[in-house]
Structures are given as C-alpha cells and as structure tokens.
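One structure is given below, encoded as structure tokens.
The values are calculated or read from the model by the stated rules, or taken from the named source; none is laboratory data. Keep in mind that what you see is a predicted model, and the values were worked out from it rather than measured. All Cβ positions, glycine included, derive from the backbone under ideal geometry; neighbour counts span all protein chains shown.
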Amino acid sequence: MDTIRIIFPIAVALAAILAQISVWSPRRLWLKVTALVTMSLFLPVAYVSLEELLSRPKPVEMDWATRNLQDARVLASRIDENDSIFLWVAVNGLNEPRSYVLPWDEETARELHSAQRGAEQEGTDVKIRRPSEAGQDNQEPMFYAPPQDTPPEKQQAASDAQLFSGSN
C-alpha cells in the first residue's frame, strides 16, 4: 500500500503537467477541453488499476525489489497443474509477505512438493533460492528444505558440585 501512496501522486502530477501544456498550447478550444476530460478520466482509471494490482500475485521475474535476493521463506503455495504455481513468500528485509506466480513447470512443481515433504520431516520451512531467476536452467534446485539447526551445546556442571557414590 505504501507504493501506491508514492506512485499515484506522481501519476497525478505528470497528468496535470500534460494537461497544463495542452491547455496553454495554441490549439483549438475543443482540443483543450478534450485534454482536460482525458486527464480527468485518467486519474480514476490509474488509481483503480493500482488498487486492483494489490491483490494479484506478481510474476516473479517482474519483481525489481528482490532481484538480488538469495533466499526467502515460502509461507504458502498452491500448484495449479498445467497452469501456474502460486507462492506467498516472506522476503528478508521486507515487512509484508509477497505474492508471486511462477509459470507452470512440472520439474519446478516436483521440487516444491519434494521440499515441502522434506521440510515437514525436518521440522523446518521451505526456502526458495533466487526467485527472480525462476524458470532458468540452474544446477541447484529452486526450492529446498534447510536442515534443522543444531541445538546449543550443554554447559558443563560447576566444578564445586558434589559427587555421590552408592557405597557407605
């Protein structure tokens, strides 16, 4: 939502500048009125289109904010066979999760399903490696389940502890 608060005022300013140029240009009155009406119609269309995009998953290759992303946690997924793979991803450094759509690929769907099973067995989360490079031929799988973290080492008992033996 924060992006719309930045992008929409910029779109309004640009449309207003274009309308000003058309009004002050040496043209016929009907052309000037047409330019103002067009600007007036452009603003609600631009706002509604930006609002509508908020609820849609973004194709992962179009996300400029995560181009250099190494690993992200997959919060949820839905595989629509022969159509798309939908992901809800927690990206490090961003407050809100992101919604992405990958083009259907049987190998990618298998990797995701295998990573989900592995994560369930390990008790960890599914991770996605380089989501901006989805669909490219890579040696490493795109989805994986990291191994469970090793527990911290136990601390040794204090040296002044008493030792008990079974004999009297």
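General remarks:
- Complete set of residues in segment 96-131 that are farther than 27 Å from Ser55 by Cα and not aliphatic (A, V, I, L, M): Glu107, Ser114, Arg117, Gly118, Glu120, Gln121, Glu122, Gly123, Thr124
- Any hit, segment 95-109, residues being over 12 Å from the mean Cα position of the chain (by Cα), of a type in the set (Val, Ile, Thr), surrounded by 11 or more Cβ atoms within 10 Å (Cβ to Cβ) and modelled with pLDDT under 85: no
- Scope segment 19-37; condition closer than 24 Å to Arg5 by Cβ and exposed (fewer than 14 other Cβ atoms within 10 Å of the Cβ); matching residues: Gln20
- Any hit, segment 151-166, residues being modelled with pLDDT under 90 and either in a strand (DSSP E or B) or closer than 30 Å to Ile4 by Cβ (or both): no
- Selection within segment 38-59 - surrounded by 13 or more Cβ atoms within 10 Å (Cβ to Cβ) and among the charged types (D, E, K, R): Lys58
- Residue that is farthest from Ala145 (Cα to Cα) [pool: residues in segment 91-133 that are touching a strand residue (DSSP E or B) at 6+ places or on another chain (Cβ under 8 Å) and β-branched (Val, Ile, Thr)]: Val101
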